[in-house]
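Heads up, the thing below is written out as C-alpha cells.
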Amino acid sequence: MSPRLLALWLKESIALLRDRHGLLALFIMPTIFILVMTMALRDAFSPGVSIDAAYVVVDLDHSQHSRALIKRLDKSVSFKRLPAADDAENARQGILDGHHVLALVLPKGFGERLLAPAGADGQPTEALQLLLDPALSPALQLAFRNQVMAALGAVRADELTRSAGKLFGLPIAPGADTEREWPDEIHSVAVRNDRSVRPPSSVQQNVPAWLIFAMFFVVIPVSSIFIIERQQGTLQRLRAMGLPFHLILAGKLLPFFIVNQLQAVLMVLVGIYLVPLFGSEALELPGSLPLLLNLWAVAAAVSLAAVSLALLVASLARTSEQATVIGGVGNILMGAIGGIMVPKFIMPAAMQKLATLSPMAWGLEGFHIVMLRHGSFADILPCLAQLLVFAAAALAAAVWLNHRSLAAQS
C-alpha cells in the first residue's frame, strides 16, 4: 500500500477527530430520530394495537341485539370504549369537551329492525348515527366505520342463523340467542426466503432508514474539512508535492467510511437494546452469517455513495455555508422522496415512482431485502449496483470539477 495514501488517511483521521461537534451530531442525531420515529409510527406498523381514539355508545334500544353489537365492538382493541353516555346530546357534548372523539348512537327499534334494513319491508328504519370530532383523521373515521359495519354484519349473521334454525325446525343449542364466538380465521404471515415469521415492526423501518440518513450527513464534516484545506492552501501544497487529486480523494474515503460503519453498529445496538426500553419491539437481525454479510455489503455501498456525494458537494461549494445548504437541503429532499421520513407504502403511486430516483431509497430497499425478506446476495445486487454506480459518478464528477478549477487557476 502506498505510504502517501497511509499518510493521507492519518491526516484525515486527525482532522476528523478534531471536529468533535460534527462527530457527535453524526451519532446523536440518528439515535434521537430512531427513538422518536419508532414511537410515532409504531401503530402504523402494528395493526390491532390500541389507537388513542376513544368512543362511547349510546344504546337507546336496550335490546339483546344492541348489547350483542356493543360486545362485539369491545372485542376490538383498536379503539377504546368509554362508559356509555345517557343520550345523544350528552355524547355530543362529550366530543365538544374533548372526552372522546366518536359516539355511536343505536336508535330505538334497532333489534326489531335488524334484518329489515333501509325499510326493506316498507316501513321506515332509523339509521345508526355516528357523531365524530371533525378534527379526527379521516383514516381513523373510516377505520371505526368499518369496525362498526363488521360488528353489525356479524350480529346480523347470528340472527339469520338463529331465525333459519327456527324456520326449518333445526335444533338450537343452549345459548344460541346470544352472539356466536367465531375463531380468528386469518393469520398474517410475512413471506421470506428461508422461513415465514410475523410481519415487520416500526423499528425495522426506522433503524435502517435513519441510519442511511445519518450516513449521508457526513457531507457536513467532509465538506467542512475540504473547504478549510482549500482556503488554508493545504490542497495546493499537496498538489505541489506531486499528489494526484484522485489520491487525495481516496485519502478522504477511508476515515469517513469507518465513521459510517461505526454509525451502523451503534444504530443497530440502539434498535436492539435502547428502543425496547421505550415500549417498542427490539430490532431483529438475520441469524445466519451470509445474511449478516449481505447486510454489511448494503451498509458499505451506502457509505461509499454518501462519502462520494459529500466529496462532490465539497468540490462544488466555495464556503462552508454553501456546503451546509447544498448538502443539508439535498439530504432532506432525498430523504423525503426516498421513504426515509415517510414510509414508501404510505406514499401515493406517483411519489413511489419518484422515490426510485433517490439513492437513499436504493439503500433502504437493500436493507429491507436482507432484514425483512432474508434475501440472498443476488437479490441485493441491483441495489448495490445502483449505489456503486452513483458513487463512481459522484467521484468522477468531483475529480473533473477540481481539475477544471486547477486549470482555470493556471
(Q) Filter the stretch 7-66 down to the residues that are in contact with a Lys or Arg (Cβ under 8 Å, 6 or more places away or on another chain), at pLDDT below 65 and assigned to a helix (DSSP H, G or I) and list them by number. (A) none
Q.
Cβ contacts < 9 Å: first residue closer than 15 Å to ASP379 by Cβ and assigned by TED's automatic domain parsing to the domain that holds MET371, restricted to the stretch 284-296; second residue of a type in the set (Ser, Thr, Tyr) and modelled with pLDDT of 85 or more, any location; separation 6+ or different chain. Result?
A. PRO290/SER376; LEU291/SER376; ASN294/SER376
Q | Of residues in the stretch 67-83 being within 13 Å of ALA150 (Cα to Cα) and surrounded by fewer than 15 Cβ atoms within 10 Å (Cβ to Cβ), the one modelled with the highest pLDDT | A | LYS71
Q: Under 8 Å between Cβ atoms, at least 6 apart or on separate chains: pull out the pairs that start in the stretch 367-381 with a residue that is at positive phi and end on any residue that is part of a helix (DSSP H, G or I) and surrounded by fewer than 21 Cβ atoms within 10 Å (Cβ to Cβ).
A: HIS374/LEU291
Q: Among what's in the stretch 235-257 and is more than 18 Å from VAL313 (Cα to Cα) and among the basic types (Lys, Arg), pick the residue that is surrounded by the fewest Cβ atoms within 10 Å (Cβ to Cβ).
A: ARG237
Q. Taking the condition touching a residue at least 60 places away in the same chain (Cβ under 8 Å), in a helix (DSSP H, G or I) and not basic (Lys, Arg), does VAL222 pass?
A. yes
Q: Output the residues belonging to the stretch 221-234 that are surrounded by 16 or more Cβ atoms within 10 Å (Cβ to Cβ), within 13 Å of ALA314 (Cα to Cα) and over 32 Å from the mean Cα position of the chain (by Cα).
A: ILE225, PHE226, ILE227, GLU229, ARG230
Q. What are the residues in the stretch 194-217 that are out of contact with any His (no Cβ under 7 Å at 6 or more places or on another chain) and at pLDDT below 75, if any?
A. ARG195, SER196, VAL197, ARG198, PRO199, PRO200, SER201
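Yes/no matrix, rows are residues, columns are (1) outside any loop (DSSP other than H, G, I, E, B); (2) modelled with pLDDT under 85:
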| site | (1), (2) |
| --- | --- |
| ASP86 | no, yes |
| ILE95 | yes, no |
| ALA118 | yes, yes |
| ASP121 | no, yes |
| THR125 | no, yes |
**Q.** Whichever residue in the stretch 258-269 is touching a residue at least 24 places away in the same chain (Cβ under 8 Å) and within 16 Å of MET371 (Cα to Cα) and, among such residues, is surrounded by the fewest Cβ atoms within 10 Å (Cβ to Cβ)
**A.** VAL268
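The values are calculated or read from the model by the stated rules, or taken from the named source; none is laboratory data. Please read these numbers as outputs of a predicted model, since none were measured by experiment. Don't worry about glycine lacking a Cβ; one is built from the backbone with ideal geometry, like all the others, and counts go over all protein chains shown.
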